[in-house]
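Taking it in order: structure first as structure tokens, then the write-up.
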Ligand code: ATP
Ligand code: MG
Ligand code: MG
């Protein structure tokens, strides 16, 4: 059965296959620069590239685009592999580094020099900028543009040999200083960088190739057929093609551009995310408020929900900013089906059930998933002292308050109906405890002769586990921190939401949650979805992160 392609890129690929282009093969690549952790924007590119390879019996390479060594490191290389795998994709042995190609790239640069298509230029960075001209004015040719092939070959060899300091010389393509496309005005192909130790090649090289030279050649060396990239590379495409047209390339991949993913209430540039980490605005790259894959994993987002989100937003050429609520709804939809239910009290208020026998403990049965009986049940201890949430009690309340009030009744989920008989306060007037009585005939049964509408959750005070719970809100207080900053001439960090993390200590979880593994994910009934964190706090209490609330409280 055939289905219509879901986006314009798949459409183009299907046409190529039908036309027998590349012998019908499809090879894509995901090419991150290891200068930060992957974020949700990268997930779009990952799902696109790996998804196409999967669906067209093709191959997707993982390639580290590592030609900028001073910002890159092996921690980023490691985290990128972990995150791509976690998202559900694999590359087999198809993992490459652009730095693997340094020798070949050098050879192709020599080929361009020999063809009179590249030259060594001694202009300073500042002069190069001035010579380049503007969008409305053509550039000026460098005085070094007419160097002979022999002189260029000699100088380029000596650049590699380390004879010149940083910035003294660059290798440039000889294209067209009057081109309306600035990228074609003799772009730099190589620059000198002494004293950096590359994470893959060490100190072997002191010249490094530029992205616009490296990328097309890396694609061609790997036999990539479709090189998918974001829209800002659209006007680099002529240069991509120029490079491949002018060297003896093994093949000529096709570059196709699509729009970046932008998401509300966050920033996505790696420079900015790095800054948030380095300046301590967040706990690290995997802070659950970060738009990083590692942050979302720690927060409890599932790979399936992220893939679903990427599916829902689609792939096009028009830039837009996606609502955060769309991502959160994908997470909810997944967890609603797949997360088992538990009870946890986030703001504990002690309840003593005075007519319940002091020494008695009974186990009540609770469904793991009320909508899915196949998930079975669990047994939770019930006794004379329990905790309920302070928000589930009011001394006096309007009629529509369906929880516990003085003198009123409420059902304890999975257990009995209780009535509040007395409120105990401390000398400051704070409520510290409720004295209640229970109706022994109401376990899994309606009370006689009256209706009790409210149902609240609870945890045995003798058996509950103390925990820390972290509630997260938007990292930024405005939907578009970047444009707000630009518009108001302020720094984007001024728009950070000061209340993006609220830590609750002294929360109490039902005892079945005692030995949960890091990453365990549950719905705490009536509170939201929560995931066990790896962090250990000073009090050695388990930490649970709220993944997402039950409902979209922002929609209201
Ligand atoms: P930044 O501009 O923040 O440095 P980048 O695009 O340079 O990000 P890379 O590591 O080079 O980051 O990205 C790897 C791949 O992921 C590229 O092909 C890039 O186009 C894609 N990508 C990065 N950000 C997004 C995004 N927001 N939406 C879609 N694809 C993205
Ligand atoms: Mg970048
Ligand atoms: Mg990049």
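The values are calculated or read from the model by the stated rules, or taken from the named source; none is laboratory data. Keep in mind that this is a model prediction, so the values were computed, not measured. As a convention, Cβ positions derive from the backbone with ideal geometry for all residues, glycine included, and neighbour counts pool all protein chains shown.
Values computed for the structure shown
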| read-out | value |
| --- | --- |
| Some residue of the range 20-27 being assigned by TED's automatic domain parsing to the domain that holds residue 251 and either touching a strand residue (DSSP E or B) at 6+ places or on another chain (Cβ under 6 Å) or within 16 Å of ligand 1 (Cβ to nearest atom) (or both) | yes |
| Residues of the range 19-56 classified as without any contact (Cβ under 8 Å) to a residue 12 or more places away in the chain and either in contact with a helix residue (DSSP H, G or I) (Cβ under 6 Å, 6 or more places away or on another chain) or within 16 Å of ligand 2 (Cβ to nearest atom) (or both), total | 1 |
| Every pair of residues 6+ apart whose Cβ atoms lie under 6 Å, when the first sits in the range 192-211 and is in the same structural domain as residue 159 (by TED's automatic domain parsing) and under 16 Å from residue 161 (Cα atoms) while the second is at pLDDT below 95 and within 16 Å of ligand 2 (Cβ to nearest atom) | 196/69; 196/70 |
| Condition met for residue 77 (more than 16 Å from ligand 2 (Cβ to nearest atom) and either surrounded by 17 or more Cβ atoms within 10 Å (Cβ to Cβ) or outside the structural domain of residue 228 (by TED's automatic domain parsing) (or both)) | no |
| Per-region count, the range 404-433, residues surrounded by 15 or more Cβ atoms within 10 Å (Cβ to Cβ) and on the phi > 0 side of the Ramachandran plot | 1 |
| Residues satisfying the stated conditions in the range 424-456, i.e. assigned to a strand (DSSP E or B) and within 20 Å of residue 384 (Cβ to Cβ) | 424, 431, 432, 433, 434, 435, 436, 437, 438, 439, 456 |
| Selected residue (criterion: farthest from residue 45 (Cα to Cα)) from residues of the range 4-21 that are modelled with pLDDT under 95 and within 28 Å of the chain's Cα centre (by Cα) | 5 |
| Which listed residue is surrounded by fewer than 21 Cβ atoms within 10 Å (Cβ to Cβ), under 24 Å from residue 465 (Cα atoms) and in contact with a strand residue (DSSP E or B) (Cβ under 8 Å, 6 or more places away or on another chain), from 354, 395 | 354 |
| Residue count, the range 436-465 (criterion: out of contact with any helix residue (DSSP H, G or I) (no Cβ under 8 Å at 6 or more places or on another chain) and loosely packed, with under 14 Cβ neighbours inside 10 Å) | 10 |
| Residues located in the range 44-67, provided they are within 16 Å of ligand 3 (Cβ to nearest atom) and surrounded by fewer than 20 Cβ atoms within 10 Å (Cβ to Cβ) | none |
| Breaking point among (1) assigned to a helix (DSSP H, G or I); (2) surrounded by 22 or more Cβ atoms within 10 Å (Cβ to Cβ), for residue 100 | (2) |
| So residue 113, is it out of contact with any strand residue (DSSP E or B) (no Cβ under 6 Å at 6 or more places or on another chain), surrounded by fewer than 20 Cβ atoms within 10 Å (Cβ to Cβ), touching a residue at least 24 places away in the same chain (Cβ under 8 Å) and over 30 Å from residue 289 (Cα atoms) | no |
| Long-range neighbours under 6 Å by Cβ, at least six apart or interchain, first residue in contact (Cβ under 8 Å) with a residue 12 or more places away in the chain within the range 273-287, second buried (at least 20 other Cβ atoms within 10 Å of the Cβ) and in a helix (DSSP H, G or I) | 282/276; 285/294; 286/294; 286/295; 286/298 |
| Residue among 263, 273, 231 that alone is surrounded by fewer than 20 Cβ atoms within 10 Å (Cβ to Cβ) and farther than 30 Å from residue 116 by Cβ | 231 |
| Criterion violated by residue 3 - all others in (1) more than 19 Å from residue 317 (Cα to Cα); (2) in a helix (DSSP H, G or I); (3) away from ligand 1 (no atom under 16 Å from the Cβ) satisfied | (2) |
| Test: residue 41 is within 16 Å of ligand 3 (Cβ to nearest atom), more than 21 Å from residue 5 (Cα to Cα), in the same structural domain as residue 254 (by TED's automatic domain parsing) and part of a loop (DSSP other than H, G, I, E, B) | no |
| Qualifying residue in the range 311-334 (condition: within 16 Å of ligand 3 (Cβ to nearest atom) and in a helix (DSSP H, G or I)) | no |
| Single match in 215, 198 (criterion: buried (at least 20 other Cβ atoms within 10 Å of the Cβ) and within 13 Å of ligand 1 (Cβ to nearest atom)) | 215 |
